[in-house]
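To start, the structure under review is shown below, and the notes come after it.
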Amino acid sequence: MTGPALELRDATVRFGSRDGLRDLSLAVDQEERIALLGPSGVGKTSVLRAIAGLEVLTAGTVRIQGRDVTGLPAEQRGVVYLHQVPSLFPHLSVVENVAFPLEIRGTARTSARRQALAMLERVRMAELATRRVTSLSGGQRHRVALARALAADPAVLLLDEPFAALDPELRADVRESTLGLLSSSRIAATVVVTHDVDEATAVADRVLVLLAGGIAQSAGPRELLARPATLAVAQFLGIPNALPGQRDGRGRFASPLGTIPAAGPAGQMVAVFRSDALRIRPATASDQQTADARVIGVRHRISGTVARVSVAGLTVEGIPDGACPVGGSVALELRVADVHLVEPPQRAESGPPVGRPRV
Amino acid sequence: MDRTSRVVFAVLLIVVAAPALALVIRALGPVWFFPNIVPSGNAVQRFTEDFGGGRLWRAAGTSVALATLTGAGGTVLALIAARSLARARRGLRHVAEAGALLPVVMPPIALGVGVHVLALQLHVSGSLVGVLGAHLIPAAGYVTLYLLGVFSAYEWALEDEARTLGAGRVQVWTRVTLPLLRARLAEAVLLGALVSWGQLALTLVVGGGAVRTLPVELLAFLRSGDDHLAAVAALLLSIPPAAGVAVLARGMRSTGGVV
Amino acid sequence: MNARGGTAGWPLARVLPLVSVALVAAPALVGGAYSLAASVGVVGAGAADAAWSDGWRVLLTPETWRSLAWTAITSAIATLIALATAVFIGVRLRSSPMGRWLAVAPIAVPHVAAALAAILLLGQSGLVSRLAVGVGLTSVPADFPALAYNASAVALIATMAWKEFPFLALTVLAVLDTRGSALEESAQTLGATRIQAFRRITWPLLWRGVAPAVIAVYAFLLGTYEMPALLGPSDPVPFPVLTLERSTDPDLQRRGEAHVLALTALAATLALVAVHQRLRAASGDGD
């Protein structure tokens, strides 16, 4: 089977009483897993529901395995949509829930139950087959919902914030086992909606960042984190440092922190980089800096300590090396390879989003 | 709405509106020759006539008086009952709900026949007082059930807070409970009034035909062949409940109701 | 839920709930008790004359049982029609506020008025009959089918269903609203057609929430007087009408019978209430 497993073209979705995302186009390749990443309220769930057929597109088309399903009702699309909170049928037992998609397709009850049990084995829920679903824990419900979805043998699987309802300690485990299960199934395309950057980068082969206005970037996780397309994307990802400056068109970018090599045409740019790209150490007499840098705050996190430094009227965040007390003078060392330049806000907003998705 | 739903809506509209339309049409005139759609004759004249029109207004007055007293009285009874039951143990509450349900589900005829005997003994049979007492029975039941529902969503913490701030029992009532429940109590009175307003069987049995409420007159007009005044009586009978239901529905919506 | 709540230190608190219930329920109980007493001749009009067993004889007459059976059947049919309508309307128009208003509207019309409207609409010289003449289907009132005043009870059943379906629709909507549409959506994306989703998911869960209300409606229709009085036949006599006739009969013996009939109705109602409470308790747990 060639061609994308799922394709959306120029789709416009209503969001409540007004139009949400407009002219949205995306494609998911065979056996690819993508994440729709964006802030709450941007319309990611609406896109998912539109793909599933639970909401109507005011414009555009949806294609699944090359077939135009735009006019088809949800039950004929071959798409299974999993709600954020698993919607298991409360009046059916665990195995009856999983057998549901088989039975409605006409499979005989005994055969359906057998297949359902096999599915439950794969999610390690077979011992609880006859239990009422109301007595299950969050993680268990998630597994049953997954088993039920797989029993429907969908071409496309849509997961709406799948791990958000779980306790944080469970999330990593459930995520891993879910991914393992999905990899070994026949699903052609998986779309995961999330507002959590870590989750998106952990589950997806490709991440589509949705911000107000549309798809801001479509990239693999590593590239996304290393080279965000716009300042808005960088800010959404939580990259703390954004230094405005001037690129001279001759291979140099001048910023308050100094000059770094940078290819590209002349113009105003913003340099974004993560905390671990900036090393902070106590200033010594031999340090020459273009500007006076002082520590204004220190934050202790499980992943490490970061220091916030005020320099040249800006605030930057980096990893302290040595004693850097608040108020102390420090020297800054930037790892240039980890710095990425993006356009400043005004320019980016007036035109189409930078970084059109690769379709 | 897709097309089938639109058809369903249209059919529903016809089904719901047709009876009301029939009443309005019939009320237009005293004489309804077959097969005319619209009646003829001077309707206005009949309302000024002493016999026809006067009866109607007197009956309406009786119904209003009964409804008001029933609403108020029933609410007082129900408030005391519901308030003290709302915080009771679950077992007792279930018994209480069944108790409040009894006057509601008891067929008015069955209730009326028994109450009639009691009314005779108390020498209030055939009087307004007797009928009022009879109406209070189902009304108190309905309003109790309603207030039990209200109290299940009540913020008891507010009363406790007031008491730790020094308010005595009476003050809690006058300064916290009643003000908080003002809207709901108004609805309760309305509910009790509506229960009384629509009663026919109870009024007939206990009132013995002497107490002439609007439903009683409606039946009398119909039995004597006067469709016209019966229709007018029916319309008069329907207007207050329509308004009352609208108010109750709005109240329900503000507390998360269904409509 | 804390049983004592804010009533610590008030001795009356224990007694007041019971007293209050008594206040509300007692009159009905007393009314029933009086009926019982009157039926055995202890009190009431026939106290002096009638032998205590005479009133109860009425339960043996075929007329009584025909009346009861006919009332039970017509009320059942009306209840089922009301339920079907309520479920259909509730599922179809749940997302339309105007639809909801319409579904609830008949509650505002008192039962007598609704019965009169039915006569004016469906009677042989009623509005529909006149429209039929206008369209050319009939020419005289007698050509139009007799929908009222006969044992087939078409007009009566229609009126009862019309009056009761709003109450059931309210219950249906309340159940559907509480649950939301996630379950139906899941069923849909799992491949179920609308009918399959309704039959396997919506209906089983709906019935649990609606069953008590259905019983309540049936109990009500069994005992209601107004509509059968205006629209019912004279043979068999609807049960509530029979009861009222006896209670106003100049023959004191008949009055005694009225009490017996009233108690029979009460017994039937209580049995249904017991079923109602059972259903409510059963549906209370589990989702």
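Coordinate-derived values only; no laboratory data. Only a predicted model underlies this, so the values are computations on that prediction, with no experimental measurement involved. Cβ placement follows ideal geometry from the backbone for every residue including glycine, while neighbour counts extend to all protein chains displayed.
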Legend entry - Convex hull of segment B:135-249 built on C-alpha atoms - directionally averaged projected area, nm²: 8.8
Legend entry - Simple spin-label estimate for A:Thr315 and A:Asp23 in nanometres, 7 Å along Cα-Cβ: 3.7
Inset, instruction - May I ask you to list, by number, the DSSP H helices of chain C whose Cα span along the axis is at least 15 Å and whose average Kyte-Doolittle hydropathy reaches 0.0 or more? - result: C:12-39, C:62-92, C:111-122, C:154-179, C:203-223, C:252-284
Inset, instruction - Compute the FRET efficiency between C:Glu245 and B:Val24 as 1/(1 + (r/R0)^6), taking r as their Cβ-Cβ distance and R0 = 22 Å, and round to the nearest 0.05. - result: 0.10
Legend entry - Stokes-Einstein D in µm²/s, Kirkwood radius over Cα pairs - segment B:1-41 at 20 °C with 1.002 mPa s viscosity: 180
Inset, instruction - Taking chain A as the reference, fit the longest principal axis to its C-alpha atoms, fit the long axis of helix A:94-104 to the helix C-alpha atoms, and give the angle between the two in degrees, 0 to 90, nearest 10. - result: 70
Inset, instruction - Rounding to the nearest 20 debye, state how big the charge dipole of the protein assembly as shown is about its Cα centre with +1 on each Lys and Arg Cβ and -1 on each Asp and Glu Cβ. - result: 760
Inset, instruction - Please work out how much length the chain gains when fully extended from C:Arg199 to C:Ala76, using 0.36 nm per residue of separation minus the C-alpha to C-alpha distance, in nm with one decimal. - result: 42.0 nm
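Just want to confirm a number: the relative contact order over segment B:44-254, from Cα pairs under 8 angstrom separated by 6+ residues, in percent. It would help to have the intermediate numbers written out before the result.
Working: 236 pairs, mean separation 68.6, N = 211.
RCO, segment B:44-254: 33 percent.
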Legend entry - Burial ranking of peptide ranges B:145-157, C:258-270 (average Cβ count within 10 Å, highest at the top): C:258-270, B:145-157
Inset, instruction - In square nanometres and to one decimal, what's the mean projected area of the convex hull around the Cα atoms of chain A? - result: 21.6
Inset, instruction - Of all alpha-carbon pairs in segment B:1-136, indicate the percentage at a distance above 25 angstrom. - result: 60
Inset, instruction - Positive end of the charge dipole of segment A:236-342 (Lys, Arg +1 and Asp, Glu -1 on Cβ, about the Cα centre): tell me which of A:Pro265, A:Ala307, A:Ala331 has its Cα farthest that way. - result: A:Pro265
Legend entry - For residues of B:239-245, the mean tally of beta carbons on other chains within 10 Å: 3
Inset, instruction - Counting only DSSP beta bridges with both residues in chain A, tell me the antiparallel percent, nearest 5. - result: 70
Legend entry - Residue mean of other protein chain beta carbons inside 10 Å, B:91-104: 6
Legend entry - Dipole in debye (nearest 20) - segment B:44-254, about Cα centre, beta carbon charges: Lys, Arg +1; Asp, Glu -1: 560
Inset, instruction - Would you mind giving the three semi-axes, in whole Å and largest first, of the ellipsoid equivalent to the protein assembly as shown according to its Cα gyration tensor? - result: 70, 33, 28
Inset, instruction - Check each of the chymotrypsin sites (Phe, Trp or Tyr not before Pro) in segment B:7-44 and keep only those in coil by DSSP with at most 13 other C-beta atoms within 10 angstrom; list them in order. - result: B:Phe33
Inset, instruction - Based solely on C-alpha atoms, express the radius of gyration and the Dmax of chain B in angstrom. - result: 22.1, 75
Inset, instruction - Using only Cα atoms, find the angle between the long axis of helix B:52-86 and the longest principal axis of chain B, and express it within 0 to 90 degrees, rounded to the nearest 10. - result: 20
Inset, instruction - Work out the charge dipole of chain B with +1 on the Cβ of Lys and Arg and -1 on the Cβ of Asp and Glu about the Cα centre, then indicate which of B:Val117, B:Leu79, B:Pro35 is farthest towards its positive end. - result: B:Leu79
Legend entry - Normalised alpha carbon radius of gyration of chain C [divisor 2.2 N^0.38 Å]: 1.25
Legend entry - Isotropically averaged projected area of segment B:91-168, using the convex hull of Cα atoms (one quarter of hull area), nm²: 7.7
Inset, instruction - Describe numerically, in nm with one decimal, the distance between label points set 7 Å from Cα along Cα→Cβ at A:Arg186 and at B:Val44. - result: 8.1
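Let me check I have the definition right: for segment A:217-329, take the eigenvalues of the Cα gyration tensor, multiply each by 5, take square roots. What are those semi-axes in whole Å, largest first?
The answer is 25, 20, 11 Å, longest axis first.
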Legend entry - Rounded to the nearest 20 debye, dipole of chain A from Cβ charges on Lys, Arg, Asp, Glu: 380
Inset, instruction - Calculate how steeply helix B:3-27 sits against the longest principal axis of the alpha-carbon atoms of chain B, using the helix alpha-carbon long axis, and give the answer as 0 to 90 degrees to the nearest 10. - result: 60
Legend entry - Cβ-based charge dipole, chain B, positive-most Cα from B:Val64, B:Gly133, B:Ala100: B:Ala100
Legend entry - Distance histogram for segment C:73-201 (every C-alpha pair counted, 5 angstrom bins, percent rounded to whole numbers): 2, 10, 15, 16, 15, 14, 10, 8, 6, 4, 1, 0
Inset, instruction - Let me know the mean shielding of B:196-209 by other chains, meaning the per-residue number of their Cβ atoms within 10 Å of its Cβ. - result: 4
Legend entry - Average Cα contact separation per residue, segment B:11-138, under 8 Å, 6 or more apart, as relative contact order %: 15
